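The values are calculated or read from the model by the stated rules, or taken from the named source; none is laboratory data. Since this is a predicted model, take the numbers as computed values, not measurements. Neighbour counts are summed over all protein chains in view; Cβ atoms, including those assigned to glycine, are modelled from backbone coordinates with ideal geometry. Accessible surface areas use protein heavy atoms only, side chains included; no ligands, DNA or RNA. Shrake-Rupley method; radii C 1.70, N 1.55, O 1.52, S 1.80 Å.
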Amino acid sequence: MTKLMSLTVLAVLLLACMKPSIGIPPSQGPIIERLCWTSWYDRDNPGGKGDLEDLRNLRKEYPGEICRRPFEIQAVTVIGHIPAESTGQYFNAYNTYLGFICLNADQPFGKKCRDYKVRFRCPCRIPID
């Protein structure tokens with residue numbers, strides 16, 4: 001039983017490491033997938049409710065530019081490029097599911113959100129010659 005289990009695990013590992021030998025057009029060659037940062041996006045300003053750099057609206061405004069499941073998100077101020085987490089402001093959302101949402105109502109002492117821009121880390125495909 002142990003030998004059978006070991007052989008099964010070995011077979012699964014070998015299959016996982018094998019490169020496909022068919023299905024790749026000759027002109028394309030092999031492809032490496034790694035993570036790349038998108039461009040910076042700044043679709044909203046902090047007036048009104050706050051600064052809403054949410055994924056739903058970013059994808060509408062920039063179709064095809066942001067992957068379906070980003071691995072990371074970064075938000076910085078438009079002026080000074082200060083990381084959002086260093087500003088002392090409170091965020092309604094700062095994640096790869098919703099994007100970045102800073103609401104003016106959440107800020108202490110009647111202050112408003114700063115103007116932020118965001119980018120996302122997504123898989124990128126790079127052809128190898």
**Q.** Any hit, region 25-38, residues being modelled with pLDDT under 90 and in contact with a Lys or Arg (Cβ under 6 Å, 6 or more places away or on another chain)
**A.** yes
Q.
For region 59-73, check the following and say yes or no: at least one residue is open to solvent by 70 Å² or more (accessible area, probe 1.4 Å), on the phi > 0 side of the Ramachandran plot and at pLDDT below 95.
A. yes
Q: Output the residues belonging to region 86-101 that are under 14 Å from the mean Cα position of the chain (by Cα), in contact (Cβ under 8 Å) with a residue 24 or more places away in the chain and open to solvent by 60 Å² or more (accessible area, probe 1.4 Å).
A: TYR97, LEU98
Q) Is region 46-54 home to any residue that is open to solvent by 80 Å² or more (accessible area, probe 1.4 Å) and either closer than 30 Å to LEU103 by Cβ or at pLDDT 95 or above (or both)? A) yes
